[in-house]
């Protein structure tokens, strides 16, 4: 019960990776405060809305008076340059970058000693598929925001980010090429990310701040060339 009675704030905690992070912290005794557009027991709201962020932060502080861990996990929308509108791009950045910044600012005077911020980025902060501009820009932004906050909040809050690769939120077990292509030999699942989030929030990671850790089964380290080791580009 490493996090017994610790106050853990999580955005986008009602499903997928966020839900797994909530469950892992709860198992360790934490008091979890989540915000999501989906139904949940603490706060339902869209974090692109400033008023929702302020109301959410107020509820957390009024109920607990402090924050030990802030996990910015909420998912930006993915739209590409061919179809993404100005408003959709702005919305992705609001969810993926502005909200994490503003929550850190709202909680700045209420972080407990030894507090930690963990931002969920993506391996797309360093690599891309076509037509993913809104999501990729948001994830690149939160990775950079993480080291900026780590410097600004030095001595008060440790700030790190996690960049997941292919994470199957339904815990599907893949076989064949989907699994074998990955140096780790399998597709990831939300528990892989939740486990690292707990470590980064713990005293064991007390000398780690300003870092981005890519959890992708090694895929971003795998060099791929046409004709090499069975890889083939179809044009």
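Bear in mind that the values in this text are calculations on the coordinates, not laboratory data. All of these numbers come straight from a predicted model, not from anything done at the bench. Here the Cβ positions follow ideal geometry from the backbone for every residue, glycine too, while neighbour counts run over all protein chains shown.
Brief remarks on what is shown
- Taking other Cβ atoms within 10 Å as a rough exposure proxy, 33, 84 sort from fewest to most as 84, 33.
- The Stokes-Einstein estimate for segment 1-112, based on a Kirkwood radius over Cα pairs and taken at 20 °C with 1.002 mPa s viscosity, is a diffusion coefficient of 149 µm²/s.
- Mean separation of Cα contacts under 8 Å (6+ apart) over length of the chain, as relative contact order %: 19 percent
- From the largest down, the chain spans 59, 42, 35 angstrom on the principal axes of its Cα atoms.
- Residue ranges 221-232, 102-113, 171-182 sort as 102-113, 171-182, 221-232 when ordered by packing (mean number of other C-beta atoms within 10 Å per residue, highest first).
- Volume per residue for segment 57-179 equals 138 cubic angstrom (convex hull of Cα atoms).
- Euclidean distance between Cα centres, segment 46-110 to segment 183-235, Å: 25 Å
- Each principal axis of segment 111-229 carries a Cα extent, and these read 51, 27, 24 Å when sorted largest first.
- Evaluated at q = 0.15 Å⁻¹, the base-10 log of the normalised Debye intensity for segment 3-60, with identical point scatterers placed on the Cα atoms, takes the values -0.39.
- Ordered by the number of other Cβ atoms lying within 10 Å of each residue's own Cβ, fewest first, 120, 208 fall into the sequence 208, 120.
- Convex hull volume of segment 186-235 per residue (C-alpha atoms, cubic angstrom): 129 Å³
- Burial ordering of 79, 158, fewest other beta-carbon atoms within 10 Å first: 79, 158
- Restricting attention to segment 1-130, close to 0% of DSSP beta bridges with both partner residues there are antiparallel.
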